[in-house]
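Visitor: Input: one structure, supplied below.
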Amino acid sequence: MDSMEINKTVAAILVAGIAYFVTGTVGTIFVREHVPKKAAIKIDVPEPAKSGPPAPAPLPPVANLLAKADLAAGESYATKVCGACHTFTNGGKAGLGPNLYNVVGGPHAHMQGFNYSNALKSKSGPWTFDELNEWLHKPSEYAPGTRMTFAGIANDQERANVIDYLHTLSPNPEPLPPPPK
């Protein structure tokens with residue numbers, strides 16, 4: 001390729017770039033965007049339905065469930081599922097979770113020396129049957145920020161069975177609440 005061919009190629013590229021620039025500038029001068037002050041056609045759009053999770057259904061009264069509770073089924077469930085992190089004997093050591101002996105009627109942070117989350121330490125009062133029902137249903141909802149990674153027991157009767165078993169783990173078990181009339 002000789003130098004004349006190279007000069008022609010460079011000149012063609014420069015002319016194309018200049019033409020592109022001039023065309024863009026002329027277009028910007030003559031074509032202006034005009035935003036109308038109001039819509040030309042009114043379109044009614046319905047309000048979107050309020051999104052978000054539906055309100056959770058209230059838990060059934062734990063007293064009714066405890067009246068039909070199966071102690072053996074509760075012990076079996078607690079041993080298999082809860083036993084991975086908790087112990088259930090009087091004076092038992094903590095595992096990943098605290099020992100659950102004498103938990104019903106005891107304070108929320110009932111085991112001395114166990115490092116409870118601030119979410120659980122902030123709960124005052126004793127573990128009642130109703131509070132255990134809420135806790136075991138969804139621990140993360142009952143005490144947001146808890147370190148307990150257990151998702152919860154969705155089945156109402158299974159949860160009542162476990163609560164019934166836990167209430168027996170005491171030298172003086174709390175009396176079961178009477179079912180509402």
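Since every read-out is calculated from the coordinates, none of them should be taken as a lab result. Fair warning: this is a prediction, and the values are worked out from it, not measured in the lab. Ideal geometry is used to build each Cβ from the backbone, glycine not excepted, and the neighbour counts take in all protein chains shown.
Visitor: Within the range 61-76, how many residues turn out to be over 25 Å from the mean Cα position of the chain (by Cα) and outside any loop (DSSP other than H, G, I, E, B)?
Guide: 11
Visitor: If L132 passes every condition in (1) surrounded by 10 or more Cβ atoms within 10 Å (Cβ to Cβ); (2) more than 30 Å from P179 (Cβ to Cβ) but one, which one does it miss?
Guide: Status for L132: all satisfied but (2).
Visitor: Next up: List pairs: first residue in the range 127-151 and within 23 Å of T168 (Cα to Cα), second residue among the basic types (K, R) and buried (at least 19 other Cβ atoms within 10 Å of the Cβ) anywhere in the structure, Cβ distance under 7 angstrom, at least six positions apart or on different chains.
Guide: Cβ pairs passing all conditions: N133/R159; L136/R159; H137/R159.
Visitor: Of all residues in the range 76-119, how many are crowded, with 18+ Cβ neighbours inside 10 Å and farther than 22 Å from D164 by Cβ?
Guide: Residues in the range 76-119 being crowded, with 18+ Cβ neighbours inside 10 Å and farther than 22 Å from D164 by Cβ: 1 in total.
Visitor: Inside the range 153-181, can you point out the residues that are of a type in the set (G, A, S) and either touching a residue at least 40 places away in the same chain (Cβ under 8 Å) or in contact with a Leu (Cβ under 9 Å, 6 or more places away or on another chain) (or both)?
Guide: A160, S170
Visitor: Please give the number of the condition T28 fails out of (1) surrounded by 10 or more Cβ atoms within 10 Å (Cβ to Cβ); (2) outside any loop (DSSP other than H, G, I, E, B).
Guide: Only one criterion is unmet by T28, namely (1).
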